[in-house]
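Here is the structure we will look at.
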Amino acid sequence: MKQLKIKIDTPEKMIELGYHIGTIAYPNMLLAMNGDLGAGKTTLTKGIGKALNIKRVINSPTFTIMKVYEGSLNLYHLDVYRISDVNQDFELEEYFYLGGVSVVEWADNVKSLIPEDAIKLSFDILEDGTRDVTIEANCTFINKIKDIYGE
């Protein structure tokens with residue numbers, strides 16, 4: 001696994017990063033996200049949805065745990081903030097293998113369910129309000145993101 005850190009200074013740029021990730025999405029892709037409230041996890045997911053041609057408004061599934069959006073690939077958007085025991089996971093991991101893109105917010109809460117090859121994203125809010133998004137993934141994925149960002 002390789003790491004890439006990207007600095008994001010506006011919500012629009014967070015959506016843009018999500019869009020770029022969505023353009024290279026593949027069936028059964030799993031994005032495991034961690035970061036404080038308001039760090040940009042759902043905002044990035046909106047960009048992924050845009051790239052997947054999802055027409056519905058994407059918002060956080062905090063109280064419903066999961067929302068399914070139909071697009072060129074289905075998007076399974078999970079927010080497991082309220083899950084503290086993986087025995088209460090309602091078999092969420094079955095959605096990881098339905099041929100769509102799964103986004104799991106607060107993934108550390110269900111760490112034992114996250115496959116080793118998942119793309120991990122960490123969101124850090126800096127003092128000036130910008131975000132550092134650290135992506136940990138296989139070399140192929142990291143190289144595709146670097147190509148998009150010209151790094």
Inset, instruction - Find the residue count for segment 40-55, including only residues that are under 18 Å from TYR95 (Cβ atoms), touching a helix residue (DSSP H, G or I) at 6+ places or on another chain (Cβ under 8 Å) and either assigned to a loop (DSSP other than H, G, I, E, B) or without any contact (Cβ under 8 Å) to a residue 12 or more places away in the chain (or both). - result: 1
Inset, instruction - Output the residue which, of all residues in segment 64-84 that are among the hydroxyl-bearing types (Ser, Thr, Tyr) and assigned to a loop (DSSP other than H, G, I, E, B), is surrounded by the most Cβ atoms within 10 Å (Cβ to Cβ). - result: TYR81
Legend entry - Complete set of residues in segment 1-32 that are in contact with a helix residue (DSSP H, G or I) (Cβ under 6 Å, 6 or more places away or on another chain), of a type outside the set (Gly, Ala, Ser) and closer than 16 Å to GLY100 by Cβ: ILE21, THR23, ILE24, ASN28, LEU30
Inset, instruction - Could you check GLN3 against (1) modelled with pLDDT under 95; (2) of a type in the set (S, T, N, Q); (3) more than 19 Å from ALA137 (Cα to Cα) and say which number it fails? - result: (3)
Inset, instruction - For segment 5-39, enumerate the residues that are touching a Lys or Arg at 6+ places or on another chain (Cβ under 7 Å), in a helix (DSSP H, G or I) and either surrounded by fewer than 23 Cβ atoms within 10 Å (Cβ to Cβ) or at positive phi (or both). - result: ILE15, TYR19
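Is it true that some residue in segment 40-50 is more than 20 Å from TYR97 (Cα to Cα), more than 11 Å from the chain's Cα centre (by Cα) and crowded, with 20+ Cβ neighbours inside 10 Å?
Let us first name the residues in segment 40-50 that are more than 20 Å from TYR97 (Cα to Cα), namely 40-44, 46-47, 50.
With the extra rule that they be more than 11 Å from the chain's Cα centre (by Cα), the set shrinks to 50.
Still in the list and also crowded, with 20+ Cβ neighbours inside 10 Å: none.
Within segment 40-50, not a single residue is more than 20 Å from TYR97 (Cα to Cα), more than 11 Å from the chain's Cα centre (by Cα) and crowded, with 20+ Cβ neighbours inside 10 Å.
The values are calculated or read from the model by the stated rules, or taken from the named source; none is laboratory data. Everything quoted here is computed from the prediction, not taken from an experiment. Here Cβ is always computed from backbone atoms with ideal geometry, including for glycine, and neighbour counts include all displayed protein chains.
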